[in-house]
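To start, the structure itself, in structure tokens.
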Amino acid sequence: MEDYPLFEPTRQRFRMQWQRDLLELQKVASEVLARLEAEGPLPARAFRSPHRVHGFWDNKSPKTKATSHVLNLLMDIGEVVVYRKDRERYFTLARRAIPAELLRRAESIDPDEANAARLERYFRAYRIIDLGDTRFGWSRMTMSERMGAIRQRMEAGEMVPLAVEGVRRQYFLLAEDLDRLQEHQRTTTKVPPEGPVQFLPPLDNLLWRRERVADLFRFNYTWEIYMRPEKRRYGYYAMPILMGDRLIGRIDPRMDREQDRLVICLLQLEPWVKLNPRLLRALRREVESFASRHGAEEVEVIHTEPKGLKL
């Protein structure tokens, strides 16, 4: 929340970008804002609209409710914000959710100051950086500007080049992380994965850049939610499985709300993963925890890779 002012230039860009869309849907937007003003936070399903428009994820014909599309546009430009409640997104007016001091700072912040601060946040969030990331600095930076930012920090001793064995892509590392990386390499290069198992949501910070995941973890991950069903390999909402410091497979879960049941359409482990009682116990604990967090009273496993995998 304290970084809210730093993204004011981004919201300004969206205001320009979505100006025509919001003008065309002005009546819908006014009605949405009026209801949020009068009733407080509401989920998208609270708004009824027979009108369908092209949403962000519609491939061909318009499928998105006009009210849902407007909520997304209003969120982009900073009129509304989202918070979670009862396992779904609720929208509320930004001025009711964001501290007044942060709103005032967002109105007065210098764009150059905001961009520079976002760049520093980006470096500290990613830790290992490559120039090809289109989200570099969470700004629209040219390749020359990205190279300049890296070069400046290397000259200041704040960043060092990082070569990854078997990877052509050039990476850069925060200098303060070098000792930790070298110690990690000395102690864990050949050992099997250890530690608790976690199912990572598709938008987890670790997965922000898929190319980096492939290079550093030797793990190819695509969020298949936007793929045609016949082209999906692992499933609609397949989530990577993290064990210790290794990505060891994927799980594709579904919640059967009527039966309070968690349905695991696929539990897949990478071919190199060796099954042992410790791994199975860790998987079982995370499945049970995941089911409990989502209110499931029972679990059904439909398909596993390797076949016959028993938890």
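Look through 67, 142 and report the one residue that is surrounded by fewer than 16 Cβ atoms within 10 Å (Cβ to Cβ), out of contact with any strand residue (DSSP E or B) (no Cβ under 9 Å at 6 or more places or on another chain) and among the β-branched types (Val, Ile, Thr).
142
Which residue out of 127, 186, 121, 180 is basic (Lys, Arg), in contact with a helix residue (DSSP H, G or I) (Cβ under 8 Å, 6 or more places away or on another chain) and closer than 30 Å to residue 279 by Cα?
127
Quick check on this structure: which one of 96, 89 is open to solvent by 20 Å² or more (accessible area, probe 1.4 Å) and within 24 Å of residue 204 (Cα to Cα)?
89
Within the bounds of region 152-163, is there any residue that is assigned to a loop (DSSP other than H, G, I, E, B), under 21 Å from residue 211 (Cβ atoms), open to solvent by 40 Å² or more (accessible area, probe 1.4 Å) and modelled with pLDDT under 95?
yes
Just checking, which of 304, 222 is over 20 Å from the mean Cα position of the chain (by Cα) and of a type in the set (S, T, N, Q)?
304
Which one of 263, 273 is over 20 Å from the mean Cα position of the chain (by Cα), at pLDDT below 95, open to solvent by less than 60 Å² (accessible area, probe 1.4 Å) and β-branched (Val, Ile, Thr)?
The match here is 273.
Pick from region 26-62 the residues that are assigned to a loop (DSSP other than H, G, I, E, B), open to solvent by 80 Å² or more (accessible area, probe 1.4 Å) and of a type in the set (D, E, K, R): which of them is modelled with the lowest pLDDT?
Among those residues, the one meeting the criterion is 60.
Condition first: in contact (Cβ under 8 Å) with a residue 60 or more places away in the chain and either touching a Leu at 6+ places or on another chain (Cβ under 6 Å) or open to solvent by 60 Å² or more (accessible area, probe 1.4 Å) (or both). Now tell me which residues in region 284-305 satisfy that.
285
Since residue 146 meets every condition but one in (1) part of a helix (DSSP H, G or I); (2) in contact with a Lys or Arg (Cβ under 7 Å, 6 or more places away or on another chain), which condition does it not meet?
So residue 146 meets the others, but not (2).
Condition first: at pLDDT below 95, at negative phi and surrounded by fewer than 21 Cβ atoms within 10 Å (Cβ to Cβ). Now tell me which residues in region 235-253 satisfy that.
236, 237, 245, 246, listed by residue number.
The values are calculated or read from the model by the stated rules, or taken from the named source; none is laboratory data. Here the structure is a predicted model, which is why all the values come from computation and not from measurement. Quick reminder, even Gly has a Cβ in these numbers, built from the backbone with ideal geometry, and neighbours come from all protein chains shown. With ligands, DNA and RNA removed, areas are computed over all heavy atoms of the protein, side chains included. Shrake-Rupley method; radii C 1.70, N 1.55, O 1.52, S 1.80 Å.
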